[in-house]
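Written out below as structure tokens is the structure these notes cover.
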Amino acid sequence: MNRIETEGSRFFSLEYFPPREQSARERLVETTKQLLEIDPAYISVTYGAGGSTREGTEDTVQMVSNLGCEAVPHLACVGSQPEAIREILDSYQAKGIRRIVALRGDMPSGMGLADSPLRNAVDLVRLIREHSGDWFSIKVAAYPEMHPQAESFDEDLDHFVAKVNAGANMAITQYFYNADAYWDFVDRAQAKGVTIPIVAGIMPITNYSKLARFSKMCGAEIPRWIAKRLESYGDDVQSIRDFGHEVVSRLCDDLRRGGAPGIHFYTLNQAEPVLKICRALQAQ
Ligand code: FAD
């Protein structure tokens, strides 16, 4: 039986990507100081498949820890050798890191899954449990609107359940703008015996063209009425942000009222959109 992870009274968690430039690193320190206002349960830091951002992930994890917030590294297994993953796990354990987000990642172009000894996130969850026992609390990804490469909803759900049964303690969803997709996924997972918390991943809306491009790639749907409204604002950035804020705040409020165990913001390393949403929620 997996230990059920809770965040106590803390409802929000945050996600960063490792910045490349020194100036962006410095900005992220300031962003973090601002975001501490919402008392996040932790800040997670993404990892490039094949180890492409290993140093950046570790540096950002260190920066977050230095500012007094728990940092949670992501680890993507595809394209990596098990020995390299074990070494990373040992180094995180030596630094006292207790939580990790375990992912497959996306294959660098030109490489097929067949070239990878660790093909799916479930392989990574198993490796972590075999190598590090119960040291890490493991979070895995979930897809309320189905992973874009999955053959069917049912198969995708079975693969999610396999990750939970292999030892995951918590799940974070891909972002979505349709709360029904989230509740349906939670119901279907629970019907299969899943009891771990499934935290809702939320992407604030600040830039429509980037969001549309990214959503296409990762299989997240922007409902037609939202897409049409955003499109209608053209280059009017302020109206896009205002409408995006309204839509996402309402979504977060619905999720909170409906009993979601937490909200994980994909911050894109920006403080303001997240702070504004959290302040709006706290005011209600
Ligand atoms: P999996 O759980 O392995 O699933 C991937 C696909 O394979 C699904 O279609 C699933 O149905 C299928 N599948 C699973 N197991 C099997 C099996 N045994 N046999 C056959 N098919 C199977 N990417 C990064 O590179 N770095 C990050 O830091 C990162 N962070 C993320 C954080 C969150 C919260 C989320 C939701 C995604 C993140 N991603 C990240 C993106 C993620 O790596 C991609 O979505 C990737 O395509 C799938 O990763 P996964 O861990 O969900 O894979």
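Each reported figure results from applying straightforward, stated rules to the coordinates on display, with no laboratory input. What you see is a predicted model; the values in this text were computed from it and never measured. Neighbour counts run over all protein chains shown; Cβ positions are idealised from the backbone, glycine included.
When you go through ALA168, ALA179 one by one, which is the residue that is surrounded by fewer than 20 Cβ atoms within 10 Å (Cβ to Cβ) and either in contact (Cβ under 8 Å) with a residue 60 or more places away in the chain or out of contact with any helix residue (DSSP H, G or I) (no Cβ under 8 Å at 6 or more places or on another chain) (or both)?
Being surrounded by fewer than 20 Cβ atoms within 10 Å (Cβ to Cβ) and either in contact (Cβ under 8 Å) with a residue 60 or more places away in the chain or out of contact with any helix residue (DSSP H, G or I) (no Cβ under 8 Å at 6 or more places or on another chain) (or both) holds for just one of ALA168, ALA179, which is ALA179.
Residues ALA200, ALA141, ALA168: which one is closer than 28 Å to LEU89 by Cβ, among the hydrophobic types (A, V, I, L, M, F, W, C), within 18 Å of the chain's Cα centre (by Cα) and assigned to a loop (DSSP other than H, G, I, E, B)?
ALA168
Pick from segment 9-56 the residues that are in contact with a His (Cβ under 7 Å, 6 or more places away or on another chain) and among the β-branched types (Val, Ile, Thr): which of them is farthest from ALA141 (Cα to Cα)?
Selected residue: VAL45.
Kindly indicate which of THR206, THR267 is in contact with an Asp or Glu (Cβ under 7 Å, 6 or more places away or on another chain), closer than 24 Å to TYR47 by Cβ and among the β-branched types (Val, Ile, Thr).
THR267
Of the residues that sit in segment 184-210 and are touching a residue at least 40 places away in the same chain (Cβ under 8 Å) and over 20 Å from ALA162 (Cα atoms), which one is nearest to the ligand (Cβ to nearest atom)?
So the residue we want is GLY201.
Are any residues in segment 217-241 over 30 Å from ASN165 (Cα atoms), exposed (fewer than 14 other Cβ atoms within 10 Å of the Cβ) and not β-branched (Val, Ile, Thr), and if so, which ones?
If the condition is that a residue be over 30 Å from ASN165 (Cα atoms), exposed (fewer than 14 other Cβ atoms within 10 Å of the Cβ) and not β-branched (Val, Ile, Thr), then PRO223, ARG224, TRP225, LYS228, GLU231, SER232, GLY234, ASP235, ASP236, GLN238 are the ones that fit.
So, restricting to helices (runs of 4 or more DSSP H) that lie completely within segment 204-284, which ones have at least 2 residues that are closer than 20 Å to GLU145 by Cβ?
Working: elements: 208-218, 224-232, 237-258, 272-283.
Qualifying helices (runs of 4 or more DSSP H): 208-218, 224-232, 237-258.
Can you pull out the residues in segment 171-184 that are hydrophobic (A, V, I, L, M, F, W, C) and part of a strand (DSSP E or B)?
ALA171, ILE172
Restricting the search to segment 144-157, which residues are outside any loop (DSSP other than H, G, I, E, B), more than 18 Å from the chain's Cα centre (by Cα) and more than 8 Å from the ligand (Cβ to nearest atom)?
Answer for segment 144-157, where residues must be outside any loop (DSSP other than H, G, I, E, B), more than 18 Å from the chain's Cα centre (by Cα) and more than 8 Å from the ligand (Cβ to nearest atom): PHE153, ASP154.
Kindly indicate whether any position in segment 33-52 is more than 15 Å from the ligand (Cβ to nearest atom), closer than 13 Å to GLN270 by Cβ and touching a strand residue (DSSP E or B) at 6+ places or on another chain (Cβ under 9 Å).
Taking every residue of segment 33-52 in turn, at least one turns out to be more than 15 Å from the ligand (Cβ to nearest atom), closer than 13 Å to GLN270 by Cβ and touching a strand residue (DSSP E or B) at 6+ places or on another chain (Cβ under 9 Å).
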